[in-house]
Amino acid sequence: MSIIKNQLEKLTFSSSLLLAPLAYSIHHFEEKEGNFRTWRAKYFLNNNPLTTEYVFIVITFISILFIFLFSIRKSKPTANVVVIFFMMSQFINAFFHIGAGIFFMDYSPGTVTAILLYIPINLLILHKARTENWISKKTAYILITLGLIGFSIFELVGGLAIPGLFIMVLIYLIIHETRISKNQ
């Protein structure tokens, strides 16, 4: 265990971000093999006309895009954007799987990877962002809360919420990156 701990301590915020798309790929596999869509339709509105493959492509693309933007800009706004995206798409998603499974007393496909990957990896990302001063403690709580709001919108509206949420995040990024450029 200490070998793993030592390796995790060596990771930077930037390199820890790369773990999130890997976790998503494994999580998506668990959901697909466990027939998550059928399970979800038993308990929730079937409001997502997008195929799981399409959602996988879009979420993976956005993940890599935001990681790429952070690696180029190395700014607090780009750190905020990538963190809020992973809070919404993974961290809050983990608690959805756990909570829904307990509430309905029925295993939610995706729970194992949510517990074993999403929660620890996203806590690591938050920890690295904090220790490298990309975000403050207050900002971390705000980003988690905004992640909850974004995830809730996705659950209520379905996959069609993705473009709207993406555009809002890009507007935030443009406004704050412009301010940084003007102040330099």
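Can you confirm whether S108 is small (G, A, S) and at pLDDT below 95?
no
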Quiz item: Is it true that some residue in segment 41-54 is under 29 Å from S15 (Cβ atoms), in contact with a His (Cβ under 7 Å, 6 or more places away or on another chain) and not basic (K, R)?
Solution: no
Practice problem: Among the numbered conditions (1) in contact (Cβ under 8 Å) with a residue 60 or more places away in the chain; (2) under 22 Å from H127 (Cβ atoms); (3) surrounded by 15 or more Cβ atoms within 10 Å (Cβ to Cβ), tell me where P21 comes up short. | Solution: (1)
Quiz item: Within segment 117-155, how many residues are exposed (fewer than 15 other Cβ atoms within 10 Å of the Cβ) and in contact with a Lys or Arg (Cβ under 7 Å, 6 or more places away or on another chain)?
Solution: 1
Exercise. Spot the failing condition for T178; the list is (1) in a helix (DSSP H, G or I); (2) at pLDDT below 85; (3) touching a helix residue (DSSP H, G or I) at 6+ places or on another chain (Cβ under 7 Å), and only one is missed.
Key: (3)
Quiz prompt | Residue tally, condition of a type in the set (V, I, T), over 16 Å from P21 (Cβ atoms) and crowded, with 17+ Cβ neighbours inside 10 Å, over segment 99-116 | solution = 1
Quiz item: When you go through (1) under 30 Å from I174 (Cα atoms); (2) part of a helix (DSSP H, G or I) one by one for L50, which number turns out not to apply?
Solution: (2)
Self-check item: Criterion violated by R73 - all others in (1) closer than 23 Å to G158 by Cβ; (2) among the charged types (D, E, K, R); (3) at pLDDT below 95 satisfied
Solution: (1)
Quiz prompt | Per-region count, segment 56-77, residues more than 14 Å from the chain's Cα centre (by Cα) and either among the charged types (D, E, K, R) or buried (at least 17 other Cβ atoms within 10 Å of the Cβ) (or both) | solution = 7
Practice problem: Mind telling me which of the residues F104, F86 ends up being closer than 18 Å to T38 by Cα, among the aromatic types (F, W, Y) and either in contact (Cβ under 8 Å) with a residue 60 or more places away in the chain or touching a Leu at 6+ places or on another chain (Cβ under 7 Å) (or both)? | Solution: F104
Quiz item: Among all residue pairs at least 6 apart or on different chains, which show Cβ distances below 6 Å where the first residue, located in segment 146-165, is at positive phi and at pLDDT below 85 and the second is among the charged types (D, E, K, R) and surrounded by fewer than 20 Cβ atoms within 10 Å (Cβ to Cβ)?
Solution: none
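The values are calculated or read from the model by the stated rules, or taken from the named source; none is laboratory data. In this text, all values refer to a predicted model and were calculated from it rather than measured experimentally. A quick note on method: Cβ atoms are made from the backbone with ideal geometry, for glycine too, and the neighbour counts reach across all protein chains shown.
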